[in-house]
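K.L.:
If you scroll down you'll find the structure; I have some questions about it.
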Amino acid sequence: MTTNDIRETVRRRYAAAATSPSTTTSCCGPAGTSDLDRGGVFGATLYGENDQNEALSGSLGCGVPTQVADLQEGETVLDLGSGTGGDVLISAQRVGPSGKVYGLDMTDEMLEKARGNAASAGVTNVEFLKGYLEEIPLPDGSVDIALSNCVINLAADKQVVLRETARVIRPGGRIAFSDVIASDDMPEEVREDMQQWTGCVAGALTRGQFEHYLADAGFTDITITPSHQVHEYAHSALIKASRPHL
């Protein structure tokens, strides 16, 4: 599968999720369930009462990156693969009117829904951008923190994505991701299954790979904390790292 093949397959699935959310489930869920048979949106149920918003009803995440992001008033935030905008709206509230939140997504249907959700919520310190994780349309050193919720595993080239993420984060900035971590013994037939890829399993990195790629991109203070099992060969984890000061 080429990068374009993977992008198009993922785009189709998430376009369908934006237009028919009741027929598409989260890529993560309790152990023993599959991407096709689990009901409801798993990621949204992990959020606290104070963070609930309309955009989370369409969440396809696998955790709560804002839980470990330690967002501060006035910060600039980038949400990689922002979907319907749930984490963007939470972040916008936490950074306040002096802060700014960018949501980046490649899917027109998701962007349209996210912009509508932001408008309905009356949130004005957000901007949704169309683009790829491998080609972030922001200048060097323009954000304080990058978030991502079960999206890095969907990218064709994770090393490029993490280097691009490092590029746009200011020295002293950080990342807070929730993503799927693959077991070291994941069979090759699972990795080659595109249905498993769009279900956030086949494309997942192992813990060692994630740590290596983050370090290669220039991140330090890397921590990967497992949260829950999502597949026989994968689990969800919260991932934090920092960009060192100059």
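K.L.:
Which of the residues belonging to segment 85-94 are under 13 Å from the mean Cα position of the chain (by Cα) and open to solvent by less than 10 Å² (accessible area, probe 1.4 Å)?
P.N.:
Of everything in segment 85-94, those that are under 13 Å from the mean Cα position of the chain (by Cα) and open to solvent by less than 10 Å² (accessible area, probe 1.4 Å) turn out to be GLY85, GLY86, VAL88.
K.L.:
Here's a check for you: in segment 178-195, which residue that is in contact with a helix residue (DSSP H, G or I) (Cβ under 7 Å, 6 or more places away or on another chain) and outside any strand (DSSP E or B) is farthest from VAL143 (Cα to Cα)?
P.N.:
Here the answer is VAL190.
Results for (1) at pLDDT below 90; (2) of a type in the set (Ser, Thr, Tyr); (3) under 23 Å from ARG163 (Cα atoms), shown as yes or no for each residue.
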position	(1), (2), (3)
ALA44	yes, no, no
GLY58	yes, no, no
THR76	no, yes, yes
GLY81	no, no, yes
LEU89	no, no, no
GLY96	no, no, no
LYS100	no, no, yes
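K.L.:
Look at GLU164 and say whether it is acidic (Asp, Glu), at pLDDT below 95 and surrounded by fewer than 24 Cβ atoms within 10 Å (Cβ to Cβ).
P.N.:
Criteria not met by GLU164.
K.L.:
I'm trying to understand the selection: among the residues of segment 210-232, which are at pLDDT below 95 and either open to solvent by less than 50 Å² (accessible area, probe 1.4 Å) or closer than 30 Å to ARG170 by Cβ (or both)?
P.N.:
THR225, PRO226, SER227, HIS228, VAL230, HIS231, listed by residue number.
K.L.:
Just give me the residues in segment 100-125 being touching an Asp or Glu at 6+ places or on another chain (Cβ under 8 Å) and open to solvent by 10 Å² or more (accessible area, probe 1.4 Å), in sequence order.
P.N.:
Scanning segment 100-125 gives LYS100, TYR102, ASN117, SER120, ALA121.
K.L.:
Need the failing condition index for SER178 against (1) among the polar types (S, T, N, Q); (2) closer than 20 Å to VAL64 by Cβ; (3) out of contact with any Cys (no Cβ under 9 Å at 6 or more places or on another chain), just the number.
P.N.:
Answer for SER178: the failing condition is (3).
K.L.:
Do any residues in segment 137-153 that are on the phi < 0 side of the Ramachandran plot have Cβ atoms under 6 Å from those of residues that are among the aromatic types (Phe, Trp, Tyr), where the two are at least six apart or on different chains, and which pairs are they?
P.N.:
SER148/PHE177
K.L.:
Within segment 233-246, restricting attention to residues that are of a type outside the set (S, T, N, Q) and under 17 Å from the mean Cα position of the chain (by Cα), which residue is most open to solvent (accessible area, probe 1.4 Å)?
P.N.:
LYS240
K.L.:
Right, another one. Do we have any residue at all in segment 167-177 that's open to solvent by 20 Å² or more (accessible area, probe 1.4 Å), modelled with pLDDT of 95 or more and part of a loop (DSSP other than H, G, I, E, B)?
P.N.:
no
Per-residue answers, yes or no, for (1) among the small types (Gly, Ala, Ser); (2) in a loop (DSSP other than H, G, I, E, B); (3) touching a strand residue (DSSP E or B) at 6+ places or on another chain (Cβ under 7 Å):
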{"site": "LEU71", "(1), (2), (3)": "no, yes, yes"}
{"site": "LEU78", "(1), (2), (3)": "no, no, yes"}
{"site": "ILE90", "(1), (2), (3)": "no, no, no"}
{"site": "MET110", "(1), (2), (3)": "no, no, no"}
{"site": "ASN117", "(1), (2), (3)": "no, no, no"}
{"site": "SER120", "(1), (2), (3)": "yes, no, no"}
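K.L.:
Look at ALA156 and say whether it is part of a loop (DSSP other than H, G, I, E, B) and at pLDDT below 95.
P.N.:
For ALA156, the condition - part of a loop (DSSP other than H, G, I, E, B) and at pLDDT below 95 - is met.
The values are calculated or read from the model by the stated rules, or taken from the named source; none is laboratory data. If you're wondering where the values come from, they're calculated on a predicted model, not measured in any experiment. Reconstructed Cβ throughout: ideal geometry from the backbone, glycine too, with neighbour counts over all protein chains shown. To get the accessible areas, we keep the full protein, side chains included, count just its heavy atoms, and leave off ligands, DNA and RNA. Shrake-Rupley method; radii C 1.70, N 1.55, O 1.52, S 1.80 Å.
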